1. For the charge dipole of the stretch 104-258, defined by +1 on Lys and Arg C-beta atoms and -1 on Asp and Glu C-beta atoms about the Cα centroid, which residue among Gln249, Gln209, Asn131 has the Cα displaced farthest towards the positive pole?
2. With unit charges on the beta carbon (Lys/Arg positive, Asp/Glu negative), name the residue among Ile30, Tyr40, Ala258 whose Cα is farthest towards the positive pole of the charge dipole of the chain.
3. What is the spread of the Cα atoms of the stretch 187-307 along each of their three principal axes, largest first, in whole Å?
4. Under 10 Å, Cα contacts only: if you run a Gaussian network model on the chain, which one of Val273, Val126, Val154 comes out with the highest mean-square fluctuation?
5. Are there trypsin sites (Lys or Arg not before Pro) in the stretch 220-256 that DSSP puts in a loop and that have at most 13 other Cβ atoms within 10 Å, and which ones?
6. What value in Å³ per residue do you get for the convex hull of the alpha-carbon atoms in the stretch 63-145?
7. Which of rounded, prolate or oblate describes the stretch 104-213 when judged by the alpha-carbon gyration tensor and an a/c cut-off of 1.5?
8. Kindly rank 340-348, 191-199 from highest to lowest mean number of other beta carbons found within 10 Å of each residue.
Amino acid sequence: MKIISYNQLIIISLNTILMALCSGCSPSDIPGCEDSTGLYEYASYPVGVAIDLFDLQNDTIYRNIAIRQFNSITPENIFKAAWLHPEENTFAWTEADQLAYFCSQYGKRLHGHTLIWHEDLPSWIVNFQGNSADWEELFKSHIQTIVTHFKDKVKAWDVVNEAFNEDGTLRNTIWKQKVGSAYIEKAFRYTHEADPDVLLFYNDVNLEQNAGKRKAVLVFLNDLRNRGITIDGIGLQMHVNIIYPEISQMVDAMKDVADNKYLVHLSELDISVNPYSKQITPSHSLLVDQAILLGKIIQNYNQIPSKFRYGVTFWGISDKNSWIPGHFNRTDYPLLYDGTYSPKPAYCLLKESL
Ligand code: G3I
């Protein structure tokens, strides 16, 4: 339990008042801050980050921030099938084991992302020729080989990622086509069989802004649960921006998930400040808007019952590590640290909001 100083209490109170009244904050409202104390030390739940192993092993500042600030690690890419299972009879454990060792060495929770997804599949899976029994064996052995390998190292798995369309129907992915419509149920069952102690998550995008999709996911997962399938939590990816969705939509999403008795993981949080891909500069007022929105997200996350607060994971350490600029071919500043690894207003206000 972190004891906060009188000054910090004053700052927290002022920021609480500030955010309550802060529709028209002036750019100077969020003073700079230092980052000597880890973010996770301010929180009653894990504060995590998506990690790129190359950066962790080759960028000392990146590594030191990861160690100092966060107590939960999600591999950004190296636990995906293309990296971990590159050939039918080959599992590439080396890099994944190096990340698992880093987590054990520094006492970090390791959140496995992701066992079953339709993206980043190796060509041998995409081109696999076999009957339904062959596909079932491929699917089951992929899951159970990986889960068994990381038993007692991975705390939780994103068992299935992004299985629903925006209209709430199931995506017609290769897994649905080849393993059948019950592939999601089978994925959770096979994972639980391989490691009864690991937490099992369903992870998806836009659940915080698309209530219809979220309802369809909850109906689907609740049905699985009612038929005895273990599902512990839902990842709200939270790839949001300073325009959309409204904070009220995000709050509804968090409450919906908790009300349905699932752990709530804000699993891939970033806040784009350039959703319309304009030519922008990272003005202080823009970054203050980002900070205030993040503060509201966290303060509302803190309102859900503590037993459902699995944690908050940021999808990268600094703006230069974010997937967004490359993916959307635009400048953007979505994370807590800027490109020189200096804490941004979002970091400074986050400390007071956790
Ligand atoms: O490592 C290779 C490199 O060797 C090669 O030269 C280069 C060019 O082809 O590609 C590199 O791999 C890229 C990898 O990121 C590492 O940079 C992949 O092509 C690229 O597809 C991959 O993008 C990742 C994307 O998922 C797809 O897997 C992003 O980093 C990652 O942030 C993003 O994360 C996803 C979550 O897993 C699921 N939710 C959405 C989120 C954002 O798309």
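Bear in mind these aren't lab numbers, they're just calculated from the coordinates by the rules spelled out. Everything quoted here is computed from the prediction, not taken from an experiment. Because the Cβ atoms are built from the backbone with ideal geometry, glycine has one as well, and the counts that use them run over all protein chains shown.
1. Asn131
2. Positive-end residue among those listed: Ala258.
3. Principal axes ranked by extent give 51, 27, 27 Å for the Cα atoms.
4. Comparing Val273, Val126, Val154 in a Gaussian network model of the chain, the most mobile one is Val126.
5. Arg227
6. Values: hull volume 7.7 nm³, N = 83.
Measuring per residue, one finds 92 Å³ for the Cα hull of the stretch 63-145.
7. Numbers: a/c = 1.93, a/b = 1.14, b/c = 1.70.
Oblate, since a/c reaches 1.5 and b/c is not below a/b.
8. Numbers: 340-348: 20.0, 191-199: 17.0.
The densest-packed peptide leads the list: 340-348, 191-199.
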